[in-house]
1. Checking residue 267 against (1) under 22 Å from residue 62 (Cβ atoms); (2) touching a strand residue (DSSP E or B) at 6+ places or on another chain (Cβ under 9 Å); (3) open to solvent by less than 40 Å² (accessible area, probe 1.4 Å): exactly one of these is not met. Which one?
2. Name the residues in region 29-77 that are open to solvent by 60 Å² or more (accessible area, probe 1.4 Å), within 21 Å of residue 106 (Cα to Cα) and among the aliphatic types (A, V, I, L, M), would you?
3. Any residue at all in region 95-112 that is open to solvent by less than 80 Å² (accessible area, probe 1.4 Å), free of Cβ contacts under 8 Å to residues at least 60 places away in the same chain, of a type in the set (A, V, I, L, M) and not in a loop (DSSP other than H, G, I, E, B)?
4. Can residue 228 be described as at negative phi and free of Cβ contacts under 8 Å to residues at least 24 places away in the same chain?
5. Identify, from the list 319, 351, the residue that is among the small types (Gly, Ala, Ser), at pLDDT 90 or above and surrounded by 17 or more Cβ atoms within 10 Å (Cβ to Cβ).
6. Checking residue 381 against (1) touching a helix residue (DSSP H, G or I) at 6+ places or on another chain (Cβ under 9 Å); (2) on the phi < 0 side of the Ramachandran plot; (3) not acidic (Asp, Glu), which single condition isn't satisfied?
7. Residues in region 83-106 that are more than 22 Å from residue 331 (Cα to Cα) and either over 18 Å from the mean Cα position of the chain (by Cα) or among the small types (Gly, Ala, Ser) (or both): how many?
Amino acid sequence: LDTEFTGLHSTSLQNNEPSLFDSPAERYVKARQSVQRFTLVQLGLAIFSKENSNKYVVHPYNFFLFPSTLGIRDVEFTLSASSIQFLSHHGFDYNKFLKDGIPYMNEVQEKILRQHLLAGTWKVCSTSNADRDVLKKAIDEVTSWIAEAKEEDTMVLQDLNGYHMLDVQLVLRQALKNVWTEPLGDNKVMVKKVTPEHRQLLENSSYDHCQKKLILLSARGFTNLFQILVKAKKPLVGHNMLMDLMHLHEKFYRPLPESYEEFKRNIHNLFPVIIDTKTVTRYVQKKCLFPRVSSLLEAYEVLCSSSLNPQGPPCPVIALASGCSRYAEKKFPHEAGYDAFLCGSVLLMSAHLLLCRSTDVAMEADPSFSKYLTMLAEHVNKVNFIRGGVSSINFSGEDAPCRHPPALVVHVRGWPGLTERQIYQEFKAHGRFDVRRLSENQFILLSNKFKQLVLRDYRRHPHLPVSIYRHWRHSPSVNCLLQISGIVALWSLLAFALGGARSC
């Protein structure tokens with residue numbers, strides 16, 4: 001599975017950028033705010049089925065998504081210019097997203113819509129001029145026609161698409177008690193003049209295409225498929241999938257909880273087996289001298305190369321299903337369906353490589369998928385954690401303790417009032433650093449590299465000397481404890497001395 005969204009990290013929120021200082025819970029709070037602001041535009045799903053002894057057939061799908069507009073409240077979301085530009089650069093079709101996007105809603109939104117459908121207080125949250133024009137044109141046509149029409153007369157509304165097919169019927173039925181509507185297919189709706197009594201009979205029949213349960217089914221859209229995925233309990237595979245999982249929770253299940261631990265429990269209940277190919281490939285790099293790669297596509301290409309194929313059973317054949325050959329002929333990076341296809345392929349090839357290199361497992365001519373899962377057992381439910389205090393988030397247990405890289409401490413001399421932002425600007429030419437204030441005149445720098453360059457250039461700087469951070473020496477809490485201990489020791493010494501003097 002893979003998703004694309006309208007933005008990643010909201011720049012309008014203060015201190016929302018990911019930092020090496022972040023614990024998983026702190027990162028979750030930051031990411032939660034961003035997920036609530038942005039929306040999904042595309043979801044890719046690639047279903048891998050084992051066809052015979054050594055062959056997996058893949059059915060990849062692309063779903064363009066758009067929040068449901070049938071409900072009592074309109075949905076607002078934010079666009080990040082850089083994300084929109086990035087998707088556009090990779091050929092994303094915004095017309096499909098905006099015009100033909102499949103609706104979806106979470107459980108809270110569904111409950112509200114259900115209540116309003118039962119009470120008859122629903123409304124279509126359609127604010128675009130184009131949508132209003134379609135509805136107005138349809139209402140004008142029907143109201144001018146019905147004045148002269150006789151009972152059982154019919155007319156046909158043409159050129160309706162998507163949600164308009166439902167919108168027009170609901171609006172006409174609500175406005176006029178003596179009409180009946182039926183979809184005809186091919187973007188057409190039949191309108192029939194009936195008596196109110198006949199209308200009531202039709203509404204209670206099983207042939208009504210606007211039954212409340214059908215309206216709800218239509219409004220839920222992709223959420224119906226999400227619930228099927230949850231019930232299937234199949235392994236869910238992604239790449240760097242923390243944000244994917246957060247969007248799945250927020251958009252199709254429930255609003256993200258404030259509690260990080262509750263979020264983890266919910267995701268584990270929905271998908272008991274999660275595998276992040278980022279954590280898998282990072283392990284393969286160390287175990288099998290895997291070349292360093294920076295993207296999912298690079299990992300796929302390296303695994304497909306003959307140089308890595310070990311002696312032993314051949315790697316499983318991964319074949320695209322009939323009608324899906326487009327992905328075999330050309331690369332489509334950052335198209336959700338293509339990236340989902342890459343995720344599953346990288347998983348299978350990585351597991352096979354590890355199995356062939358393992359000395360603890362007896363090799364089989366036809367390794368089963370369960371055997372592959374055994375090789376990946378230590379990576380199951382471990383989702384990659386980008387730039388933080390841990391390497392991965394454990395969705396089926398406690399996270400590992402945070403271990404930050406060795407830090408540097410900047411001592412400010414003669415430049416009062418410096419901020420974290422100013423310190424960052426000073427050192428950014430040497431690489432990517434995260435900055436946090438330690439005390440009034442001290443700042444901590446964290447980076448995965450570049451430390452030696454900064455130490456070389458700033459060790460004897462007149463205003464910003466830099467040294468290795470030592471907890472016992474630089475921690476304010478340790479210094480405070482030492483000061484308190486010193487004061488207590490001094491008072492104890494004085495008390496002893498004074499007590500001794502009185503006894504004499």
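The values are calculated or read from the model by the stated rules, or taken from the named source; none is laboratory data. Since the structure is predicted, the reported quantities are computational estimates derived from the model, not experimental observations. For neighbour counting, all protein chains shown are included, and Cβ atoms are generated from backbone atoms with ideal geometry for every residue, glycine included. These area figures cover heavy atoms from the full protein model, side chains too; ligands, DNA and RNA do not enter into them. Shrake-Rupley method; radii C 1.70, N 1.55, O 1.52, S 1.80 Å.
1. In the conditions (1) under 22 Å from residue 62 (Cβ atoms); (2) touching a strand residue (DSSP E or B) at 6+ places or on another chain (Cβ under 9 Å); (3) open to solvent by less than 40 Å² (accessible area, probe 1.4 Å), residue 267 misses (1) alone.
2. Once the filter is applied, which keeps residues that are open to solvent by 60 Å² or more (accessible area, probe 1.4 Å), within 21 Å of residue 106 (Cα to Cα) and among the aliphatic types (A, V, I, L, M), region 29-77 yields only 29.
3. Yes, because at least one residue in region 95-112 is open to solvent by less than 80 Å² (accessible area, probe 1.4 Å), free of Cβ contacts under 8 Å to residues at least 60 places away in the same chain, of a type in the set (A, V, I, L, M) and not in a loop (DSSP other than H, G, I, E, B).
4. On the way: at negative phi: yes; free of Cβ contacts under 8 Å to residues at least 24 places away in the same chain: yes.
In short, yes.
5. 351 is the lone residue from the list that is among the small types (Gly, Ala, Ser), at pLDDT 90 or above and surrounded by 17 or more Cβ atoms within 10 Å (Cβ to Cβ).
6. (2)
7. Of the residues in region 83-106, 4 are more than 22 Å from residue 331 (Cα to Cα) and either over 18 Å from the mean Cα position of the chain (by Cα) or among the small types (Gly, Ala, Ser) (or both).
So that you can scan it fast, the table gives a plain yes or no per residue for (1) open to solvent by less than 90 Å² (accessible area, probe 1.4 Å); (2) at pLDDT 70 or above; (3) not aliphatic (A, V, I, L, M):
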{"residue": "419", "(1), (2), (3)": "yes, yes, yes"}
{"residue": "425", "(1), (2), (3)": "yes, yes, yes"}
{"residue": "446", "(1), (2), (3)": "yes, yes, no"}
{"residue": "482", "(1), (2), (3)": "no, no, no"}
